[in-house]
1. Would you be able to say whether some residue in the stretch 87-101 is assigned to a helix (DSSP H, G or I), over 21 Å from Gly55 (Cβ atoms) and in contact (Cβ under 8 Å) with a residue 40 or more places away in the chain?
2. Scanning the stretch 29-54 for residues that are closer than 18 Å to Lys101 by Cα and of a type in the set (Gly, Ala, Ser), which turns out surrounded by the fewest Cβ atoms within 10 Å (Cβ to Cβ)?
3. Out of all the residues in the stretch 67-77, is one or more among the β-branched types (Val, Ile, Thr) and more than 15 Å from the chain's Cα centre (by Cα)?
4. State whether one or more residues within the stretch 129-144 are under 24 Å from Val12 (Cα atoms), without any contact (Cβ under 8 Å) to a residue 24 or more places away in the chain, assigned to a loop (DSSP other than H, G, I, E, B) and not aliphatic (A, V, I, L, M).
5. For residues in the stretch 2-23 being out of contact with any strand residue (DSSP E or B) (no Cβ under 9 Å at 6 or more places or on another chain) and more than 20 Å from Gln149 (Cα to Cα), which is surrounded by the most Cβ atoms within 10 Å (Cβ to Cβ)?
6. Filtering the stretch 83-99 down to residues that are under 14 Å from the mean Cα position of the chain (by Cα) and of a type in the set (Ser, Thr, Tyr), which residue is surrounded by the fewest Cβ atoms within 10 Å (Cβ to Cβ)?
Amino acid sequence: MNEEKYNFSFEVYNSIDELQPADAALVSEARKITGNAYAPYSNFNVGAIAQLKNGKTVTGTNQENASYPVGICAERVLLSATGSLFPNAVIDTIAISYDNKNGKSNHPISPCGICRQSLLEYEERVKQPIRLILSGLEGKIYIIKKASQLLPLSFGGDDLK
């Protein structure tokens, strides 16, 4: 038997004030657009903004419906919008934030499993890593070098060949 380990490093900032200006601007916008989410059932508004390599930005928010929990997460709304508006565009960075109307929004959250798979597949499709900036409305901020780090031992298109 062999034991293997998977680990990765990520950057931790104490507040938005420690970020580079471009990253701080993305986080500010992600925090702002949480207000556009439609989350009447969970009261957990998520906003995401992508900075594309072509200079454009695309946003997404979570969208719930009465057939709860069959909504769509902000990250997948963002990836769908990006793919529709700018086919095969390379995403440089995605900033994700949330506003928990039932509690605190003071620490970073990470994308759910379905979103991790979607981010991984987008990276594979365009053959470029997607840098993630994770935050709440305040508090610490995490920067992860590539989204695929969040899904070790992943299943992808190559497994279907």
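Just so you know, all these numbers are worked out from the coordinates, no wet-lab data involved. Just so it is clear, the model here is predicted, and its values are computed rather than measured. So basically every Cβ, Gly included, is an ideal-geometry build from the backbone, and we count neighbours across all protein chains shown.
1. No, the stretch 87-101 contains no residue that is assigned to a helix (DSSP H, G or I), over 21 Å from Gly55 (Cβ atoms) and in contact (Cβ under 8 Å) with a residue 40 or more places away in the chain.
2. Ranking the candidates gives Gly35 first.
3. Checked the stretch 67-77: at least one residue is among the β-branched types (Val, Ile, Thr) and more than 15 Å from the chain's Cα centre (by Cα).
4. Taking the stretch 129-144 first, the residues under 24 Å from Val12 (Cα atoms) are 129-144.
When the remaining residues are screened for being without any contact (Cβ under 8 Å) to a residue 24 or more places away in the chain, the result is 129.
Now restrict to residues that are assigned to a loop (DSSP other than H, G, I, E, B): 129.
Next, from what is left, pick out any that are not aliphatic (A, V, I, L, M): 129.
Yes - at least one qualifying residue is present in the stretch 129-144.
5. Residue satisfying both the conditions and the ranking: Gln20.
6. Taking the candidates together, the pick is Thr93.
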